[in-house]
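Take a look at the structure set out below.
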Amino acid sequence: MIETPQNADGPVVQVDIVSDIMCPWCIVGYKQLEQALGMVGVGAYVRWHPFELNPAMPPEGQNLTEHITEKYGSTPEQSAQNRAHLQQLGQDLGFTFNFGPDSKIVNTFVAHQLLGWAQEQGLQHPLKMALFSAHFTDGKDVSNTDTLLDITASIGLDRAAAKEVLDSQSKAEETRAHQQFWTERGVSGVPSMIFDGLYLLTGAQGAETYAQMLRKVVSEKEAA
């Protein structure tokens, strides 16, 4: 199902984004894409697809600094520098990163199930944005069921219906299959953006790179 188009006054490009809510570069990349859409004057049908950076993350999560040290070997000083860089990038893009000593990485499989369901309701994109803000700006635990249901209701989705999705695990198998689909196609890092089903860009590439890709796709569509 295709989401509501973003900036859809001119030509429209489909952009599929494989992403995890725990990935700060995913929201950075999306905000850069937003800038690129404005630069080129085109719209996008944005669809979000599930990816778990840490599929084995336990329910209680892990302290962010500890996790970064264990996973990447970063020193506390390097971790602090990276956070400061992200905060500046976010500020430039209109997104607030609030990192603190108690910031955590949590399991996102349940949130991905809700995002799959929200796509069917036409509200996947607002939910994804709300989850990014809840995690990175507000420091909320987006693995907590009540927190997820509050966020879901805040963007206009039915809380009781969302609770039924989580209680029944009706989207669990589909979400696993969806993750596997992208993994089998070589996606191993996020954000991974697929433009019009043809071209893949991995990582937050910057507004100018996205703008070049959008121009390429639009010119090819017009020439076809």
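The values are calculated or read from the model by the stated rules, or taken from the named source; none is laboratory data. The structure displayed is predicted, hence computed values, not measured ones. All Cβ positions, glycine included, derive from the backbone under ideal geometry; neighbour counts span all protein chains shown. These accessible areas exclude ligands, DNA and RNA; they are computed on the full protein's heavy atoms, side chains included. Shrake-Rupley method; radii C 1.70, N 1.55, O 1.52, S 1.80 Å.
Points to keep in mind about this one:
- Between the amide H of V13 and those of G43, A44, Y45, distances stay under 5 Å, these residues lying 5 or more places away or on another chain, with hydrogens modeled in the peptide plane.
- Over the chain, Cα pairs under 8 Å with separation of 6+ residues give a relative contact order of 32 percent.
- Derived scalar couplings between HN and Hα for the stretch 135-145 equal 6, 7, 8, 9, x, 7, 8, 7, 9, 7, 4 Hz in order, rounded to whole Hz, by the Karplus curve 6.51 cos²θ - 1.76 cosθ + 1.60 (θ = phi - 60°), x for Gly and Pro.
- Most mobile listed residue (E208, E52, E164) in the chain, GNM with C-alpha springs under 10 Å: E164
- The trypsin sites (Lys or Arg not before Pro) of the stretch 127-208 that meet both conditions, a loop assignment by DSSP and at most 15 other Cβ atoms within 10 Å of the site Cβ, are R185.
- The residues packed around L214, meaning those with a beta-carbon under 13 Å from its beta-carbon, carry a net charge of -2 if Lys and Arg are +1 and Asp and Glu are -1.
- The residues of the stretch 91-146 have, on average, 40 Å² of accessible surface per residue, using a 1.4 Å probe with all protein chains present.
- In this label model, A223 and K71 are separated by 4.0 nm, measuring between points 7 Å along each Cα→Cβ vector.
- Ellipticity estimate at 222 nm from DSSP helix runs (n ≥ 4, -39,500 (n - 2.57)) divided over the chain, nearest 500: -16000 deg cm²/dmol
- Each residue of the stretch 170-187 is assigned a 3J(HN,Hα), and the resulting list reads 5, 9, 5, 5, 4, 5, 4, 5, 5, 4, 5, 3, 6, 4, 5, 9, x, 6 Hz, derived from the Karplus form 6.51 cos²θ - 1.76 cosθ + 1.60 (θ = phi - 60°), x at Gly and Pro.
- Protein accessible area in the stretch 91-154, 1.4 Å probe - carbon and sulfur %: 44
- Fraction of antiparallel bridges per DSSP, the chain only, in percent to nearest 5: 60
- Heavy atoms of H67 accessible to a 1.4 Å probe, total area in Å² rounded to 10: 20
- Sorting 216-223, 193-200 by average packing, meaning the other beta carbons within 10 Å per residue, from highest down gives 193-200, 216-223.
- GNM top mover of I68, I151, I17 - the chain, alpha-carbon springs below 10 Å: I68
- The stretch 130-174 - percent relative contact order, Cα under 8 Å, separation 6 or more: 23
- 5 angstrom amide H check on M57, placed H, neighbours 5+ away: none
- Annotation: amide H-H contacts under 5 Å for H49 (H modelled 1.01 Å from N, sequence separation of 5 or more, or interchain): I17, V18, S19.
- Sites Q81 and E60, calculated FRET efficiency, Cβ-Cβ separation with R0 35 Å, nearest 0.05: 0.80
- As a length-normalised measure over Cα pairs under 8 Å and 6 or more apart, the relative contact order of the stretch 1-101 settles at 30 percent.
- FRET efficiency estimate (nearest 0.05) - Cβ-Cβ, E120 to N144, R0 25 angstrom: 0.60
- Pairwise centroid distance, computed over Cα atoms, of the stretch 135-169 with the stretch 57-82, Å: 25
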